[in-house]
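Every number in this text was worked out from the coordinates using simple rules, so none of it is lab data. Quick caveat: nothing in here was measured; it's all calculated off a predicted structure. Because the Cβ atoms are built from the backbone with ideal geometry, glycine has one as well, and the counts that use them run over all protein chains shown.
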Amino acid sequence: MTTALLVIDVQHSFTQRPSFETDGLAAYLDAQNRLIAGFEAAGLPVVRVFHVQPDASGADPFSLESGHVRPLDGLRAFDAALTVHKTRHSALVGSGLDVWLTQHGIRTLVISGIRTEQCCETTTRHASDLGWDVIYVPEATLTFTMQQPDGSPLTPAQLRARTATVLDGRFARVLDAEAALQAVTDKEAELA
């Protein structure tokens, strides 16, 4: 067992933000859930990452006190090998995740979750720089429309394409869910 799936920030908190969009949500959840099911079937670890912000009042939907730091509705239920809380964009900063991965001999990470160009991309770059082999699965990431500096919109599809382009071959192998699962199961069989 040398591969882990990271399910980053797939949490109800996002539904409380005005930027939350449901376009593309069903397709994202389908891909995300297929990855989780594939990892479970292969007996490989799935790591849950929640983004949390300190706010004792509970006004911030990313604070534990808000009650919104819980799995997003529609996400497949799974027994996480590890659940970590992060306060930065990279899941590897201050969460203890890097220590757990190293202690468990994990050499390959499959990246999925919310947001495509933010926490998923940042974790991918960080993991690559730290020496992990990274597989990035754009269809198993979700994001929302953003405004460019000139005021024009940047759609989720454009953000996914841009992120895949800048990561592929430099920081990660960019694969769809089925190809990622095949690559992982082939590698694990090779090492068995």
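A few points about this structure:
- Estimated FRET transfer efficiency (Arg162, His104; beta-carbon r; R0 30 Å; 0.05): 0.40
- For the chain, the mean projected area of the C-alpha convex hull, equal to one quarter of the hull surface, is 10.8 nm².
- Taking label positions 7 Å along the Cα-Cβ direction at both Leu154 and Ala37, the computed distance is 3.3 nm, reported to one decimal.
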